[in-house]
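The values are calculated or read from the model by the stated rules, or taken from the named source; none is laboratory data. This is a predicted model, so every value here is computed, not measured. Here the Cβ is made from the backbone with ideal geometry for all residues, glycine too, and neighbour counts use every protein chain on show. Surface areas here come from the heavy atoms of the whole protein model, side chains and all, with no ligands, DNA or RNA. Shrake-Rupley method; radii C 1.70, N 1.55, O 1.52, S 1.80 Å.
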Amino acid sequence: MHGILENLIPNVMSKPDELWQALLDTFVMVALSGIIAFFLGLFFGVILTITKREGILSNAVIYQVIDKSINVFRSIPFIILLTLMLPLTRAIVGTGIGVQGAIVPLIFGTVPFFSRQIESALAEVDNGVIEAAQAIGLSSGAIIFKVYLREGIGSIARATTLTVINLIGLTAMAGAVGAGGLGDFAIRYGHNRFQEDVTWVTVIMIVAIVTLLQVTGNWIVRKNTH
Amino acid sequence: MILLENISKTFHAKDNTVEAVRDVSLRIDKGEIYGIIGYSGAGKSTLVRCINLLERPTAGKVYVDGTELTALSAGALRKERKKIGMIFQQFNLMASRTVEQNIALPLEGCGKTREEIASRVKELLAYVDLSDKAKAYPSQLSGGQKQRVAIARALANEPKVLLCDEATSALDPQTTKSILSLLNKLNKELGITVVIITHEMAVIKRICHRVAVMENGEVVEEGNVYDIFASPQKQITKDFISTTSMLSSVFELMEDDSPVVALQRGDVLLRIKYLQADVSEPLISEVSKRFDVTFNILFSNLEIVDHAPIGGTVGILRGSEEGVNNAIRYFEEKNVKTEVLKRCTAYLKI
């Protein structure tokens with residue numbers, strides 16, 4: 001078995017530790033920035049939903065500020081955002097490079113996208129149900145947590161799957177600031193040194209991760225659709 | 001129980017403003033079933049939403065059970081809303097919660113223990129006759145069952161008022177009947193004041209005590225259901241009533257020149273309507289004997305509205321010219337409204 005692999009993917013087999021480290025880096029970047037972005041995105045998505053014109057706590061100023069900020073950040077290509085964020089990244093985590101340095105731009109690149117996804121996920125919650133909840137006399141907090149977030153679980157799970165998969169794509173670009181990870185590994189060896197087997201192995205690994213995420217996401221959506 | 005004082009509601013869209021409700025004042029008494037009828041766009045849904053302030057009126061005051069809702073803070077309003085149940089055309093149940101969880105929603109966060117909530121939910125399920133569906137999800141229920149769940153949810157906090165916004169409009173006639181019976185039951189047994197918004201006069205006829213007719217945001221006619229049915233004043237009210245009555249199908253027959261309404265010389269196609277709450281007198285037999293006429297009944301539609309008979313009959317009155325005229329006069333004397341729809345006096349030219 002080992003022999004076959006040595007022949008098939010010699011460049012990968014010569015640096016298993018580096019591949020393992022790359023996988024770990026990708027995992028840390030996705031997990032850390034993903035978890036932080038999830039809560040921030042959920043927060044902003046909910047704020048957008050309740051402050052919009054027909055929202056339960058309609059507030060034009062708050063809505064406009066968040067809405068326009070999201071548009072601005074979503075317009076900036078991620079590779080440019082990476083460099084733009086450098087000073088802020090250094091101020092927050094103390095370094096602009098490595099896995100730590102990538103977390104901040106990854107969050108800034110993901111939160112606006114995810115907030116929009118949450119906003120549209122919550123827009124799918126039937127307005128009549130919200131009206132019924134108001135008629136029952138529920139407080140705004142109860143409407144957010146018991147109705148919006150509960151009724152929206154399926155759509156939120158769908159949006160989360162989409163965003164996490166998107167985030168894996170972004171981590172590859174974060175390799176540009178020396179963040180490491182599978183994408184960086186593939187570029188350094190597969191592209192720059194023409195080690196094609198490295199490219200193929202990382203692609204297969206990423207496909208496997210994405211598939212696993214998609215299947216899990218679909219399962220959660222299905223579990224919460226009645 | 002409910003007092004609306006000069007309620008107006010204006011919606012501002014981009015270029016135009018819509019006056020959905022214009023200066024409506026209504027008083028709905030404790031324990032009555034009050035109907036508000038109108039075509040879509042008449043403002044009736046907006047008006048009922050003004051009662052629990054889902055829509056805040058542009059002008060006017062809303063009192064429910066002596067409290068002026070329009071003067072309350074958001075928190076105090078939430079408290080008052082617990083005393084006002086509401087059900088909707090589209091049921092508006094939470095798809096992610098089971099039937100029992102849906103009914104429990106208004107009870108959560110009110111300082112009740114889990115056991116108290118569970119026993120109250122059980123009670124409510126039994127009341128709406130759905131005990132076997134406790135663990136089902138709304139998507140597994142029929143429309144009528146969903147509305148029963150919505151009613152149970154609305155009753156959870158023991159409200160004094162129940163607002164029904166087109167609650168039967170998405171249901172078939174049989175289910176509509178059973179939901180209306182349930183509304184009637186909770187009105188009688190629990191003393192809940194019920195406000196029903198509908199575009200179906202049949203709904204009003206079946207359970208309402210009083211009714212208001214809305215058109216273009218205004219209440220154009222209001223009164224006891226019996227009086228409104230017996231002598232509608234406005235054209236729109238007459239139109240609504242005719243939709244529930246077979247008696248108007250005679251016009252279709254006349255338009256089609258149906259042989260059913262073909263007259264011989266001297267015949268009169270007559271529509272009679274009972275105006276007073278007494279049809280025990282055998283009027284038609286009496287007329288027949290007295291004036292030597294026959295009355296060939298084409299349609300008859302007598303119904304019991306609010307415990308009194310209402311309706312009329314369409315038929316062909318045949319006899320001597322004098323006999324026919326005397327018969328019509330006799331009907332009028334007995335306070336029965338007559339309407340000559342067609343009279344055949346001339347020789348038919350061939």
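Some points to look at:
- Some residue of segment B:66-82 being out of contact with any helix residue (DSSP H, G or I) (no Cβ under 9 Å at 6 or more places or on another chain), part of a helix (DSSP H, G or I), facing another protein chain (nearest Cβ under 9 Å) and open to solvent by 30 Å² or more (accessible area, probe 1.4 Å): yes
- Yes/no for B:Met86 being more than 28 Å from A:Lys223 (Cβ to Cβ) and aliphatic (A, V, I, L, M): yes
- Qualifying residue in segment A:120-142 (condition: more than 14 Å from chain B (Cβ to nearest Cβ) and of a type outside the set (A, V, I, L, M)): yes
- Considering (1) away from every other protein chain (no Cβ under 13 Å); (2) modelled with pLDDT under 95, the lone condition that B:Lys122 does not fulfil carries the number (2).
- Identification of helices (runs of 4 or more DSSP H) wholly contained in segment B:193-276 with 2 or more residues that are surrounded by 23 or more Cβ atoms within 10 Å (Cβ to Cβ), touching a residue at least 12 places away in the same chain (Cβ under 8 Å) and not aromatic (Phe, Trp, Tyr) yields B:201-207, B:225-230.
- Taken over segment A:51-95, residues that are closer than 30 Å to A:Leu138 by Cβ, assigned to a helix (DSSP H, G or I) and in contact (Cβ under 8 Å) with a residue 40 or more places away in the chain amount to 3.
- The single residue among A:Phe114, A:Phe108 that is modelled with pLDDT of 95 or more and hydrophobic (A, V, I, L, M, F, W, C) turns out to be A:Phe114.
Quick grid of which residues meet (1) more than 20 Å from B:Ala104 (Cβ to Cβ); (2) crowded, with 16+ Cβ neighbours inside 10 Å; (3) at pLDDT below 95:
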position	(1), (2), (3)
B:Lys146	no, yes, no
B:Asn157	no, yes, yes
B:Leu163	yes, yes, no
B:Lys177	yes, yes, yes
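- Considering (1) within 17 Å of A:Glu54 (Cα to Cα); (2) modelled with pLDDT of 95 or more; (3) in contact with a Ser or Thr (Cβ under 8 Å, 6 or more places away or on another chain), the lone condition that A:Ile144 does not fulfil carries the number (3).
- Scanning segment B:100-130 for residues that are part of a helix (DSSP H, G or I) and open to solvent by 70 Å² or more (accessible area, probe 1.4 Å) turns up B:Gln101, B:Arg114, B:Glu115, B:Glu116, B:Lys122, B:Glu123.
- Search result, residues across segment B:3-33 that are touching a strand residue (DSSP E or B) at 6+ places or on another chain (Cβ under 7 Å), part of a loop (DSSP other than H, G, I, E, B) and basic (Lys, Arg): B:Lys30
- Segment A:96-138, residues that are surrounded by fewer than 20 Cβ atoms within 10 Å (Cβ to Cβ), touching a helix residue (DSSP H, G or I) at 6+ places or on another chain (Cβ under 9 Å), within 26 Å of B:Leu93 (Cα to Cα) and in contact (Cβ under 8 Å) with a residue 40 or more places away in the chain: A:Ala123
- With respect to the conditions (1) more than 14 Å from chain B (Cβ to nearest Cβ); (2) surrounded by fewer than 21 Cβ atoms within 10 Å (Cβ to Cβ); (3) in a helix (DSSP H, G or I), A:Gly183 lacks only one, and its number is (2).
- Complete set of residues in segment B:83-119 that are within 22 Å of B:Val194 (Cβ to Cβ) and more than 9 Å from chain A (Cβ to nearest Cβ): B:Asn102, B:Ile103, B:Leu107
- Filter result for B:Ile36 (part of a strand (DSSP E or B) and without any contact (Cβ under 8 Å) to a residue 60 or more places away in the chain): no
- The one condition in (1) more than 11 Å from B:Ile103 (Cβ to Cβ); (2) open to solvent by less than 50 Å² (accessible area, probe 1.4 Å); (3) away from every other protein chain (no Cβ under 12 Å) that B:Ala136 fails to fulfil: (3)
- Residue ID - surrounded by the fewest Cβ atoms within 10 Å (Cβ to Cβ), chosen from residues in segment B:36-62 that are closer than 18 Å to A:Val129 by Cα and of a type in the set (D, E, K, R): B:Glu55
- Among the residues of segment B:47-65, the one identified as of a type in the set (Ser, Thr, Tyr) and not in a loop (DSSP other than H, G, I, E, B) is B:Tyr63.
- Top-ranked residue in segment B:165-174 [being of a type outside the set (A, V, I, L, M) and within 15 Å of B:Ala202 (Cβ to Cβ); ranked as surrounded by the most Cβ atoms within 10 Å (Cβ to Cβ)]: B:Thr168
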